[in-house]
Structure formats: C-alpha cells, structure tokens
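One structure below.
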Amino acid sequence: MSTRTARATDLSTTERAPKRFLIGRFHEIILKGRNRHRFVDQVKHNLRALFADCRIGKIHGEGPRLLIELADDINEAVVRERAELVFGFQNFTISRPVPLEIEALKQAAVAAARAHRVKSFRISTRRAEKRFPLNSMEIDQIVGAEVATKLDLKVSLEHPELDIAIEILPHAAYIADRKYPGAGGLPVGITGRGLLLLSGGIDSPVAGWRMMRRGLHVDFVHFHSHPLVTKASIEKARDLAAHLTRYEARSSLALVPFAEVQREIVARTLRPLRVVLYRRFMLRIASALAATARASALITGESLGQVASQTLENMVVIEKAVSIPLLRPLVGMDKNEIIVEARLLGTFETSILPDQDCCSLFVPEHPETRARLAQVEEAEAIFDIGAMVAEAVSKTEIVHNVFPCPSGN
C-alpha cells in the first residue's frame with residue numbers, strides 16, 4: 001500500500017480522525033508575500049476567539065486555505081454562523097474528508113446529493129495535489145456522471161440548485177455540499193485599533209464594520225444627553241456595539257454623559273456654531289478615551305454633505321480640534337448605499353428605532369454650514385476646554401462586550 005493510500009485510509013477508518021472540517025479560503029491575504037504568516041496567525045487567533053464556546057481542534061494551513069477540525073457535536077448552523085464573521089475568508093465550506101480514490105469521491109458525492117431535494121447539480125473540483133492521476137475536469141465529469149445516473153439528476157453548470165465542492169489536497173480529498181461566501185477583507189486586529197463614535201444612527205455601525213474589515217480592532221464611544229433625554233440612545237448603542245462585537249469577540253463601549261458640555265456651549269456660544277462646537281468637543285473627549293483604549297485613530301460615520309455639520313468646510317474645522325487621525329470610511333457614499341449595507345449588516349432595524357440623539361438637542365434652526373477656524377477658536381476661547389474634557393471622561397461608563405457570551409450570562 002502506498003504512503004498516500006495509507007494516509008487516506010487512516011482518515012476514513014480511524015475513530016479519532018475528525019469527520020468534518022471548516023475550510024476557509026483566503027484571497028487578499030495571499031497577496032501579502034513574506035508577511036502572510038502574520039495575517040494567517042491573526043485569522044487563527046480570531047477563529048479561536050469566535051469559537052470559544054465550541055470544541056474545535058487543530059488549525060493548519062494548506063496553501064491559500066485553513067483547515068479547522070470540528071468536533072462531532074458542533075451544530076453545522078453554528079459553524080456557518082460563526083465562520084461568516086471571520087474577516088479574511090473569501091469563502092468557506094464545511095467539508096468531510098474522503099480517501100484519495102475516485103470511487104470514494106463518487107460515493108461521497110452521491111451521498112451528499114441524496115441529502116438534498118434538488119433537480120439539478122454540478123461538481124466543482126479544485127486539485128491542489130497535482131499527483132492525483134485525474135485533473136479537475138476529469139473528476140467533475142466522472143463524479144458528475146455517477147451522481148446523475150444514480151439519482152436521476154440534471155447537470156447544470158450555470159445555475160445548479162446544488163454545487164458540490166471537491167478539493168484534492170496532499171493527504172485527503174474533501175467534499176462539501178455547498179460553498180458559502182465569507183466576510184472577506186483582513187483579519188480584525190492586524191492593522192491596529194480604532195475608536196468609533198457610535199451615534200445610534202444608521203451610518204456609524206456601517207463605518208465601524210468597514211474598518212473592522214480592513215483589519216482594525218474597533219472599540220466604541222457613545223455620547224448621550226441623559227438625564228435631559230431618555231436612555232433610548234444608550235440602549236441602542238449597547239445593542240449595536242454588542243452586534244458589531246460578534247466580528248471581533250471583545251470590545252469596550254464608553255458611554256459619555258454630554259449634557260453638561262452642551263449646556264455650557266448653549267449658554268455661552270452663538271446659536272449657529274453650536275453643532276460645530278459639539279462635534280469638536282466630542283472629538284476631544286474621544287481622543288482622550290482613545291489613549292486609554294490604545295486606539296491610534298478615531299472613526300466616524302460622516303458622509304460628505306449629508307447634514308449641516310458634514311459640509312467640507314465644517315468637517316475641516318471640526319477635525320482640527322484633535323491631532324489623532326480621523327477616519328471617515330463612508331465619506332463618499334450616499335444614504336441609500338449606506339442603508340443597503342446596514343440592512344446586510346443587520347443593524348438597520350435597531351438604528352431606526354426612535355431615540356433622542358444628543359446632537360439633536362439644542363440644535364439651532366439655521367446651523368452654520370461654512371464655519372471658519374478663526375471664528376470657532378475665538379468662540380471656544382472662553383471655555384476651560386481641558387477641564388470640560390477631563391470631567392466628561394471622569395464620568396464616562398465603560399461597558400465590556402464579549403462574544404460568544406460566557407456560559408450563564
């Protein structure tokens with residue numbers, strides 16, 4: 001018996017061998033050259049965190065993919081749900097190992113197709129192990145003919161109801177009854193940390209998700225005006241932060257009481273400048289909190305021209321309040337585009353729940369849309385900015401989010 005056949009036989013007969021594997025495939029990570037191992041290691045770390053309440057075994061690489069051993073008792077729906085949260089995977093399958101023999105592949109494909117009530121199918125083979133005697137097209141044809149004959153199904157290469165994926169790797173073949181789209185992007189944490197100004201509206205959760213997808217670990221800060229308004233915006237921020245934490249396993253949410261800052265601005269500033277000053281003070285407070293959270297940048301959901309504070313002139317004046325980089329991933333998107341992403345992300349329904357946002361409190365009828373830096377700095381000169389920021393920071397509540405939730409919580 002050849003070494004390859006022996007290894008394949010071992011996979012099918014040894015009781016201790018895993019019966020299922022989560023196989024995630026990279027795309028962008030493959031382009032990272034000599035730094036690729038750092039990105040792959042981060043994906044492995046994130047996988048362990050997102051599957052913390054499940055029993056997964058060894059994780060090992062095979063070219064542009066990761067193979068994750070799955071225990072028998074892990075529900076397949078849970079595996080899919082968690083795998084969809086892993087940034088770095090272009091797509092993934094939940095696959096079963098099969099001996100490197102064409103007859104074994106035929107039997108496994110028939111069994112996979114039999115489990116579904118479909119009328120059409122196709123076989124999609126990728127042969128990473130070039131020593132296997134048949135190429136991908138030949139495997140597709142031979143295995144497809146077996147499934148079509150045994151189950152009386154139609155082959156459809158363009159629009160199949162079932163797409164059976166086969167991968168030929170050095171020590172075994174792997175078969176899955178479908179391939180799922182992954183989250184794409186880069187693994188969370190590989191490019192640093194950012195602090196998202198989470199308003200509770202539609203835009204900011206999408207902005208945070210987009211920066212997670214670029215490898216940032218994102219923490220959150222929410223400004224509220226309780227007790228001048230209800231706690232509705234606080235509850236929304238908690239829910240949105242918890243939802244986004246599903247992509248990174250752990251996060252913190254800073255709840256900043258902003259009412260006193262607003263009162264002082266309202267009492268001592270001309271009406272048109274209020275919104276610009278609100279935003280500048282928010283950035284200052286967020287910048288102070290970012291230092292504690294080890295964040296290197298602030299993130300906002302601003303979109304150019306969407307509201308009065310988001311004219312180009314105002315955005316330039318507002319960002320000059322801090323020296324920390326300010327990231328605006330939605331700046332060139334319109335509202336409809338952002339809503340589409342919010343729906344896909346699953347945050348839209350929470351974001352549209354009624355609340356009283358702090359920025360809508362004491363807003364003048366005609367806010368300034370073309371603020372000048374000198375004018376704004378003159379208006380701020382009467383404030384003890386450092387003391388106001390320090391007081392807001394000292395009264396901030398920090399909420400820690402964990403996903404998956406620890407047992408019993």
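The values are calculated or read from the model by the stated rules, or taken from the named source; none is laboratory data. Predicted, not measured: the structure shown is a model, and the values here were computed from it. Glycine gets a Cβ as well: all are built from the backbone with ideal geometry, and neighbour counts include every protein chain shown.
What residue, of Val322, Val256, is hydrophobic (A, V, I, L, M, F, W, C), closer than 20 Å to Leu240 by Cβ and touching a helix residue (DSSP H, G or I) at 6+ places or on another chain (Cβ under 6 Å)? Spell out how you get there, then give the answer.
Working: Val322 fails: closer than 20 Å to Leu240 by Cβ.
After ruling out the rest, the residue left standing is Val256.
Got a sec? Which of Leu344, Leu353, Leu327 is under 21 Å from Trp209 (Cβ atoms), exposed (fewer than 13 other Cβ atoms within 10 Å of the Cβ) and in contact (Cβ under 8 Å) with a residue 60 or more places away in the chain? Working first, answer last.
Details: Leu344 fails: in contact (Cβ under 8 Å) with a residue 60 or more places away in the chain; Leu327 fails: exposed (fewer than 13 other Cβ atoms within 10 Å of the Cβ).
Residue meeting the stated conditions: Leu353.
Here is a list: Ala297, Ala308, Ala291. Which entry is within 20 Å of Phe223 (Cβ to Cβ) and either free of Cβ contacts under 8 Å to residues at least 60 places away in the same chain or not assigned by TED's automatic domain parsing to the domain that holds Glu365 (or both)? Don't jump to the end; show me each part of the working.
Numbers: Ala297 fails: either free of Cβ contacts under 8 Å to residues at least 60 places away in the same chain or not assigned by TED's automatic domain parsing to the domain that holds Glu365 (or both); Ala308 fails: either free of Cβ contacts under 8 Å to residues at least 60 places away in the same chain or not assigned by TED's automatic domain parsing to the domain that holds Glu365 (or both).
One residue alone meets the criteria, Ala291.
Between Asp53, Asp73, which is over 30 Å from Val218 (Cβ atoms) and modelled with pLDDT under 95? Quick ask: steps written out before the conclusion?
Working: Asp53 fails: over 30 Å from Val218 (Cβ atoms).
None of the other options fit; the residue is Asp73.
Check whether at least one residue in the range 270-286 is assigned to a strand (DSSP E or B), crowded, with 17+ Cβ neighbours inside 10 Å, of a type outside the set (Asp, Glu) and in contact with a strand residue (DSSP E or B) (Cβ under 6 Å, 6 or more places away or on another chain), and report yes or no. Walk me through how you get there before you give the answer.
In the first step, residues of the range 270-286 are kept if they are assigned to a strand (DSSP E or B); the result is none.
Looking for residues that are assigned to a strand (DSSP E or B), crowded, with 17+ Cβ neighbours inside 10 Å, of a type outside the set (Asp, Glu) and in contact with a strand residue (DSSP E or B) (Cβ under 6 Å, 6 or more places away or on another chain), one finds none in the range 270-286, hence no.
Report yes if some residue within the range 172-193 is closer than 26 Å to Ser309 by Cβ and buried (at least 20 other Cβ atoms within 10 Å of the Cβ); otherwise report no.
Scanning the range 172-193, I find no residue that is closer than 26 Å to Ser309 by Cβ and buried (at least 20 other Cβ atoms within 10 Å of the Cβ), so the answer is no.
Taking the range 359-369, which residues are over 10 Å from Pro272 (Cβ atoms) and either in contact with a helix residue (DSSP H, G or I) (Cβ under 7 Å, 6 or more places away or on another chain) or at pLDDT 70 or above (or both)?
Cys359, Leu361, Phe362, Val363
Report, by residue number, each residue of the range 141-170 that is crowded, with 16+ Cβ neighbours inside 10 Å and within 22 Å of Gly63 (Cα to Cα).
Selection gives Ile164, Ala165, Ile166, Glu167, Ile168, Leu169.
Just checking, which of Ala242, Ala237 is of a type outside the set (S, T, N, Q), part of a helix (DSSP H, G or I), buried (at least 24 other Cβ atoms within 10 Å of the Cβ) and modelled with pLDDT of 95 or more?
Numbers: Ala242 fails: buried (at least 24 other Cβ atoms within 10 Å of the Cβ).
When all the criteria are applied, what remains is Ala237.
Can you pull out every residue in the range 114-140 that is outside any helix (DSSP H, G or I), surrounded by 15 or more Cβ atoms within 10 Å (Cβ to Cβ) and more than 35 Å from the chain's Cα centre (by Cα)?
Answer for the range 114-140, where residues must be outside any helix (DSSP H, G or I), surrounded by 15 or more Cβ atoms within 10 Å (Cβ to Cβ) and more than 35 Å from the chain's Cα centre (by Cα): Phe132, Leu134.
Does Thr149 qualify as being polar (S, T, N, Q) and without any contact (Cβ under 8 Å) to a residue 12 or more places away in the chain?
Numbers: polar (S, T, N, Q): yes; without any contact (Cβ under 8 Å) to a residue 12 or more places away in the chain: yes.
So Thr149 fits the description; yes.
Quick one: which residue in Ala308, Ala321 is more than 25 Å from Ala291 (Cα to Cα) and either among the hydrophobic types (A, V, I, L, M, F, W, C) or in contact with an Asp or Glu (Cβ under 6 Å, 6 or more places away or on another chain) (or both)?
Working: Ala321 fails: more than 25 Å from Ala291 (Cα to Cα).
One residue alone meets the criteria, Ala308.
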